[in-house]
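Peer 1: Sharing a structure below in structure tokens format, with a few things to ask.
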Amino acid sequence: MLKSAQEKSVHNKPAQDKSGNDLPATGYAVVVDGQIKTEFKTKEGAHSGAHDLKRRFPMLQIKVYDAETKQTHDIELARA
């Protein structure tokens, strides 16, 4: 499946509302394959949830959105 240049993102790239979802104004959100799935009040909670999802479903594109900086951070599995 090919993605358009607009759908591709780079680590720390400003987030874009590609899917029509409303980005949260505060806190953090876990974004799965371009769709906002869960919102968190803390960075630690969002990253913990995102890493758990990535371990269970490594084929998914998972990011954490930071509403304060309006940027996303890609979640990658740690290499052994």
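The values are calculated or read from the model by the stated rules, or taken from the named source; none is laboratory data. Please read these numbers as outputs of a predicted model, since none were measured by experiment. Reconstructed Cβ throughout: ideal geometry from the backbone, glycine too, with neighbour counts over all protein chains shown. Surface areas here come from the heavy atoms of the whole protein model, side chains and all, with no ligands, DNA or RNA. Shrake-Rupley method; radii C 1.70, N 1.55, O 1.52, S 1.80 Å.
Peer 1: Can you list residue pairs whose Cβ atoms sit under 7 Å apart, with the first residue in segment 45-69 being in contact (Cβ under 8 Å) with a residue 24 or more places away in the chain and the second being aromatic (Phe, Trp, Tyr) and open to solvent by 20 Å² or more (accessible area, probe 1.4 Å)? Count only pairs 6 or more apart in sequence or on different chains.
Peer 2: Going by the 7 Å Cβ cut-off, the qualifying pairs are Val64/Tyr28; Tyr65/Tyr28; Asp66/Tyr28; Ala67/Tyr28.
Peer 1: Which members of segment 58-76 meet the condition of being open to solvent by less than 80 Å² (accessible area, probe 1.4 Å) and assigned to a loop (DSSP other than H, G, I, E, B)?
Peer 2: Pro58, Leu60, Gln61, Ala67, Thr69, Ile75
Peer 1: Give the residues of segment 17-41 that are in contact with a strand residue (DSSP E or B) (Cβ under 7 Å, 6 or more places away or on another chain) and either in a loop (DSSP other than H, G, I, E, B) or among the β-branched types (Val, Ile, Thr) (or both), sorted by residue number.
Peer 2: Going residue by residue through segment 17-41, those that are in contact with a strand residue (DSSP E or B) (Cβ under 7 Å, 6 or more places away or on another chain) are 19, 21, 23-24, 27-32, 36-40.
Hits for segment 17-41 are Ser19, Asn21, Leu23, Pro24, Gly27, Val30, Val31, Val32, Ile36, Thr38.
Peer 1: Among the residues that make up segment 16-36, is at least one of them modelled with pLDDT of 95 or more and touching a Gly at 6+ places or on another chain (Cβ under 7 Å)?
Peer 2: yes
Peer 1: Could I ask something else about it? If a residue has to be out of contact with any Leu (no Cβ under 6 Å at 6 or more places or on another chain) and more than 13 Å from Glu39 (Cβ to Cβ) to count, how many in segment 60-74 make the cut?
Peer 2: Taking segment 60-74 as the starting set, the residues that turn out to be out of contact with any Leu (no Cβ under 6 Å at 6 or more places or on another chain) are 60-61, 63-74.
Remaining after also requiring more than 13 Å from Glu39 (Cβ to Cβ): 60-61, 63, 68-74.
Going through segment 60-74 one residue at a time, the tally reaches 10.
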